[in-house]
Amino acid sequence: MVFKRLLGSLGVGGPTVDTVLRSGPATPGGSLAGEVRLKGGDSDFDIEEITLELVARVEAEHGEGESEGTVAFDRFTVGGGFRLGTGAEHAVPFSLPLHWETPVTELYGQPLGIVLGVRTELAVAGAKDKGDLDQLTVGPLPAQEAVLEALGQLGFGFRSADLEYGRIGGTGQRLPFYQEIELTPPAQYAHQVNEIELTFLASPAGMDVVLEADKRGGLFSEGRDTLTRFTVGHHDARDWNAEVDGWIRQLIEYRLGHGAAHGHDDPSHGTHHEGGHRSGPGMGTVVAAGAAGLAVGVVGGMVAAEVVDEVGDFFEGDAEEE
């Protein structure tokens, strides 16, 4: 991509940059590898610094409304301190650690509507330019995949996924936003809960699974949200269907009288959210999930056009702003 702003300051014939990521999805806590490819312009340029910034499109709640914006959640300097000769080609390889809480953007090859990007920034001749933005694809960790697979086997369907600005109280969350995956309940729970919202918070030691039930109100009572949190290891060997079914039953049966409201201090129940709340599908992203299971539904179902369109619009819009 030609540096549009640098063209104005350095004149026609400036350098170009293209960041190429290693093929295949990355995973939370894994590495992000690739190379930054530079091609010199009509004269020599001193490349002072090459920086890669990881960005995400995030929703934020504002009273009764909400907005969307881009949040940078990591930044790495991968090179610099060399002269790029006229017309010369130069490649800078990199391998960067991904944060354990990096959101999952796809399941079994199907996009979930989560938008992550890698922005390349160059410092050249005393000026900085954000010259390239590439889509970042992240697949689930084994434990995340196991939980989602179990939910699918239990009859839950995928509704949507988004990133919410804010923190989940009572957890070790480190990023300024969290991912929520919204699921439709199977028939046996449909009369008790509108939807289940799922958040994974991974770390080197294991993973917290935060579940929230948007509970239906009764004739003389209003609906309330109930939250529970469970911890699993990255390579646990469990009967995941039985385990997750127990979580769901505990979540739904946990009553207000036992402290299941927002703000409860018990370390495994009543986790609450700071700076955001979990409700409603975000960014209009819906993946059709079949009745045969969450994973099968995402693979075999039809990916809503809004998912692909909104991801494309994000990167095209950013390029126009450059």
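The values are calculated or read from the model by the stated rules, or taken from the named source; none is laboratory data. Since the structure is predicted, the reported quantities are computational estimates derived from the model, not experimental observations. Positions of Cβ are generated from backbone atoms using ideal geometry, with glycine treated the same way; all protein chains shown enter the neighbour counts.
Does residue 133 fit the bill of being touching an Asp or Glu at 6+ places or on another chain (Cβ under 8 Å) and not assigned by TED's automatic domain parsing to the domain that holds residue 206?
Numbers: touching an Asp or Glu at 6+ places or on another chain (Cβ under 8 Å): yes; not assigned by TED's automatic domain parsing to the domain that holds residue 206: yes.
Yes: the conditions hold for residue 133.
Given the conditions (1) more than 29 Å from residue 172 (Cα to Cα); (2) outside any strand (DSSP E or B); (3) among the polar types (S, T, N, Q), which single one is not true for residue 144?
Failed condition: (1).
For the structure I just gave you, tell me whether residue 146 is in the same structural domain as residue 244 (by TED's automatic domain parsing) and either out of contact with any Leu (no Cβ under 9 Å at 6 or more places or on another chain) or at pLDDT below 90 (or both).
Numbers: in the same structural domain as residue 244 (by TED's automatic domain parsing): yes; either out of contact with any Leu (no Cβ under 9 Å at 6 or more places or on another chain) or at pLDDT below 90 (or both): yes.
For residue 146, the condition - in the same structural domain as residue 244 (by TED's automatic domain parsing) and either out of contact with any Leu (no Cβ under 9 Å at 6 or more places or on another chain) or at pLDDT below 90 (or both) - is met.
Which number in (1) within 20 Å of residue 162 (Cα to Cα); (2) modelled with pLDDT under 90 marks the one condition that residue 263 misses?
The failed condition is (1).
Can you tell me which residues in segment 67-106 are of a type in the set (Val, Ile, Thr) and within 26 Å of residue 141 (Cβ to Cβ)?
Listed by number, the residues that qualify are 70, 71, 78, 102, 104, 105.
Quick one: how many residues across segment 179-198 are touching a residue at least 40 places away in the same chain (Cβ under 8 Å) and assigned to a strand (DSSP E or B)?
The first filter runs over segment 179-198 and keeps only residues touching a residue at least 40 places away in the same chain (Cβ under 8 Å), leaving 179-184, 189, 192-193, 196-198.
With the extra rule that they be assigned to a strand (DSSP E or B), the set shrinks to 179-184, 193, 196-198.
Matching residues across segment 179-198 total 10.
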